[in-house]
Amino acid sequence: MHKGLVIVYTGRGKGKTSAALGMGMRGAGHGLKTLMIQFIKGSWHYGELDAVKKLHPYFQIKPMGKGFIHLERKAPSPEDSKAVREAWDFFLQNLHSGQFHMIILDEINYALDFNLIALEEVMEAVRSKPQELHLVLTGRNAHPQIIDLADLVTEMKEVKHPYRNGIKAQKGIEY
């Protein structure tokens, strides 16, 4: 029997969600079922939403956020708080279902950083996960307690980005 890992992709650089998608795709190749719940993304159409349909039922993505948002850390909007709560409740419904080998909480670190969900709730869920379930948490500014709890942490560091040279987001690269 394998040990389910807690994996964190964080940092200011690009590639956190892409790394998690790669793990889900790799798992699908082995017949493992992955659920990705997106806590912030939701209002745009992303290429991965079409690609993952081809991997169904081994890989599912559930976008539940309101899109890229600029939040006030001290007073998040009620709409954003509601969307995160619904995504969190959906995660809790699936955490112990036994349906998935991996659950990816895409951008959960943002939700924590912007006080849209309590750190204690996330810590409790991570600690209570089934032993064999892999749990992946993405997003900038991972909380130090989440990092301490994780088995694997990768920090993405931006060295150079085309946006800084006026190149806008492109299909297949950013979305």
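A few points about this structure:
- Ignoring lysines fewer than eight residues from residue 129 along the same chain, the ones with Cα atoms less than 20 angstrom from its Cα are 3, 33, 62.
- If you run the Gaussian network model on the chain, springs between alpha carbon atoms under 10 Å, then out of 126, 136, 159 the most flexible one is 159.
- Cα-centre dipole for the chain with unit charges at Cβ (Lys and Arg positive, Asp and Glu negative), debye to 20: 640
- Full-extension gain in nm, residue 140 to residue 18, via 0.36 nm per residue minus C-alpha separation: 42.6 nm
- Using 0.36 nm per residue and subtracting the Cα-Cα separation, the extra length available between residue 54 and residue 121 on full extension is 20.8 nm.
- Cα-based shape type of segment 6-157, given that a ≥ b ≥ c are square roots of the gyration tensor eigenvalues and the cut on a/c is 1.5: rounded
- Karplus 3J(HN,Hα) series, Hz, for segment 159-167 with 6.51 cos²θ - 1.76 cosθ + 1.60 (x for Gly, Pro): 9, 7, 9, x, 4, 5, 9, x, 8
- Reducing segment 150-172 and segment 1-64 to their Cα centroids gives an inter-centroid distance of 17 Å.
Each reported figure results from applying straightforward, stated rules to the coordinates on display, with no laboratory input. Being a predicted model, the structure only gives us computed values, none of them experimental. Neighbour counts run over all protein chains shown; Cβ positions are idealised from the backbone, glycine included.
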